[in-house]
Amino acid sequence: MRSAEEIMRHPFRVPEPLSYEELSRICDDFDRAAVHPSTGTGNSAAKLNEDKVRAIRQAADAGARLTPLAEAFGISARAARHIVRRTSWTHVQ
């Protein structure tokens, strides 16, 4: 079984076809390892940082309503909802 590093050394030359399992494992490795450079505070338009995202999630877990919480952090209620549901800022634990 070839590793992701082995394949990346020669990305345009694949000596033999990849099995579905091997391709799936390699894609999973890349998904876990790669965080896009413009993710989170790497995005120049980001209004929040990781600490603020954690604070929003903790406050929501404690029962805070999203609209006042969003206003306090200068974001939309929709953005706050996505943060709490972990559909955005997914890299923050």
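Data for the structure
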{"item": "Contacts under 8 angstrom Cβ, first residue in the range 58-86 being within 13 Å of LYS47 (Cβ to Cβ), partner charged (D, E, K, R), 6 or more apart", "result": "PHE73/LYS47; PHE73/LYS52; GLY74/LYS47; ILE75/LYS47; ILE83/ARG57"}
{"item": "Residues satisfying the stated conditions in the range 34-91, i.e. open to solvent by 60 Å² or more (accessible area, probe 1.4 Å), within 30 Å of GLU5 (Cα to Cα) and of a type in the set (S, T, N, Q)", "result": "THR41, ASN43, THR87, THR90"}
{"item": "Filtered residues of the range 30-55 (kept if part of a helix (DSSP H, G or I), at pLDDT 70 or above and of a type outside the set (Lys, Arg))", "result": "GLY40, THR41, GLY42, GLU50, ASP51, VAL53, ALA55"}
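The values are calculated or read from the model by the stated rules, or taken from the named source; none is laboratory data. Owing to the predicted nature of the structure, the values given are computational and were not obtained by experimental measurement. Note that each Cβ is placed from the backbone with ideal geometry, even for glycine, and that neighbours are counted across all protein chains shown. Note: accessible area is taken over every heavy atom of the protein model, side chains too, but ligands, DNA and RNA are not part of it. Shrake-Rupley method; radii C 1.70, N 1.55, O 1.52, S 1.80 Å.
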